[in-house]
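The structure appears right after this line, and notes come after that.
Just so you know, all these numbers are worked out from the coordinates, no wet-lab data involved. Small disclaimer: the values here were computed from a predicted structure and weren't measured. Cβ atoms come from the backbone with ideal geometry, glycine included; neighbour counts cover every protein chain shown.
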Amino acid sequence: MKVIQVRCPHCNNPIMMKQKDLLFLCDNCKTMHVRDGGVTVVDYEIGDFGRGAPQGDRVYVPFWRLYCSFNINNVRVEGGSLFKLSNWVKGGAGSSGAIFIFIPASDFDPATFKRLAIMLTTMPPKYASRTDFNNIPRLPATMSKGEAGQMAHFVVITMEAEKPGILQDIDYSLKVNDARAVYLPFITSPQGLILGL
């Protein structure tokens, strides 16, 4: 196995990391990139901790924030109606429009993944951005942008398959128009991760 020195694609500064991570951040020029057979620069944001954030161990959690065009072509629900998606899709007429889908990019158990994805997709967070991590650790990203695009379908179906009614069939199209790595502030607690906004 050949070991290579990872260098920033923008300023050629060596990048040193102690953990395995798909996303490389240059401390010198703040360029983030991924190596996926080539080198791709990644747009990213870092959310700042809110003044009222709970006390505890702080950590930054990576997400892929996908800006998607969404269209529901046909749906059949027994004992209820198409409820959730039609309320969350923005800028459209009822069953089509745009939606931000948040996909956790770290390695989480299925229940935590589902909870975080649905929570942030249904209630997109508002946060002030910062330019660095302020020496607060960040969880490694283990999911690629392409994998996040595939997981967006899981989030959409999971959101709609819950009450009210029983989802029988849904025909929809989902197109990812833009993807950005977003690091959101969290507090670790015995109850799990708590959003630190």
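Packing-based ranking of 6-12, 132-138 yields 6-12, 132-138, ordered from highest to lowest mean Cβ neighbour count within 10 Å. When only alpha carbons are used to place a centre, region 172-189 and region 1-75 end up 11 Å from one another.
By the beta-carbon count within 10 Å of each Cβ, the least crowded to most crowded order of 176, 39, fewest first, is 39, 176. For the pair residue 126 and residue 5, a Förster radius of 30 Å applied to the C-beta separation gives a FRET efficiency near 0.15, rounded to the nearest 0.05.
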